[in-house]
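Scroll down for the structure; my scribbles are underneath it.
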Amino acid sequence: MRHPYETRGRHNLPVQISRADFADPRLAAFLQAHLDDMEPTAPPESRHALDLTALQGDGVRLWVGTDGDDLVATAALAALDDRHEELKSMRTDPALRGRGLASRMLAHVLDDARSRGVERVSLETGSMAFFEPARRFYARAGFVACPPFGSYVDDPNSTFMTLDLPPRQA
């Protein structure tokens, strides 16, 4: 049975997904572009994207999507507890959006979480119009609105969403 977050197969690029190499200068540049995109969207206390150093922290797993020599997508999971993780640093190269990359990255990280016994994945994204496509994407993948989780607090600039992961089928 197809899960709602699986790619639909249209416009897919031949992307290879692998764990991030933090020494790769393409990664630093890609993540900085993500932070730069977020900067004008909210005050500093309401921006929660992780930088390169934070993504190397304990309990964080970062993947990259590459197409040949190009780094085209990232996605990370950060442990909140043994059965609950947070989706972090989900980004697709803006020139390649709409081609199934985000769906492939999301399916990959959710499969990884499920394989490790994670039962729930939550995320924080912006509440502003800039983030509307992201909120629609996550809703299509089965994420639903939830209260703040982990160390988050209510913030009018944030939207919180969560997804219960069904157990992996044998």
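The values are calculated or read from the model by the stated rules, or taken from the named source; none is laboratory data. These figures come from a predicted structure and were not determined experimentally. Cβ coordinates were reconstructed from backbone atoms using ideal geometry, including for glycine residues, and neighbour counts include every protein chain displayed.
Out of (1) within 29 Å of Ser18 (Cβ to Cβ); (2) free of Cβ contacts under 8 Å to residues at least 24 places away in the same chain; (3) not aliphatic (A, V, I, L, M), the odd one out for Glu132 is which? Failing condition for Glu132: (1).
Which numbered condition in (1) within 14 Å of the chain's Cα centre (by Cα); (2) closer than 20 Å to Asp81 by Cβ; (3) at pLDDT below 95 is the only one that Arg168 fails? With respect to (1) within 14 Å of the chain's Cα centre (by Cα); (2) closer than 20 Å to Asp81 by Cβ; (3) at pLDDT below 95, Arg168 is out only on (1).
When the criteria are applied in full, Leu87 meets the requirement of being part of a strand (DSSP E or B) and modelled with pLDDT of 95 or more. Of all residue pairs spaced 6 or more apart or on separate chains, those with beta-carbon atoms under 9 Å, a first member in segment 151-170 that is under 14 Å from Val121 (Cβ atoms) and a second member that is surrounded by 14 or more Cβ atoms within 10 Å (Cβ to Cβ) and of a type in the set (Val, Ile, Thr) are Phe160/Thr125; Met161/Thr125; Thr162/Val121; Leu163/Val121; Asp164/Val121; Leu165/Val118; Leu165/Val121.
Across segment 58-79, the qualifying residues are those that are under 10 Å from the mean Cα position of the chain (by Cα) and within 15 Å of Pro94 (Cα to Cα), and the one among them that is surrounded by the fewest Cβ atoms within 10 Å (Cβ to Cβ) is Thr74. Scanning segment 61-84 for residues that are assigned to a strand (DSSP E or B), in contact (Cβ under 8 Å) with a residue 12 or more places away in the chain and of a type in the set (D, E, K, R) returns Arg61, Asp67, Asp70.
Scanning segment 135-169 for residues that are on the phi < 0 side of the Ramachandran plot, assigned to a loop (DSSP other than H, G, I, E, B) and among the small types (Gly, Ala, Ser) gives Ala141, Ser151. Taking segment 90-101 as the range and being over 21 Å from Phe160 (Cβ atoms) and in a strand (DSSP E or B) as the test, only Thr92 passes. The residue that is surrounded by the fewest Cβ atoms within 10 Å (Cβ to Cβ), among those in segment 101-140 that are of a type in the set (Ser, Thr, Tyr) and touching a Ser or Thr at 6+ places or on another chain (Cβ under 9 Å), is Ser127. Given the condition farther than 28 Å from Pro148 by Cβ and at pLDDT below 90, answer yes or no: does some residue in segment 100-109 qualify? Yes, that holds for at least one residue. Among residues that are touching a residue at least 40 places away in the same chain (Cβ under 8 Å), of a type in the set (A, V, I, L, M) and not in a strand (DSSP E or B), Ala113 is included.
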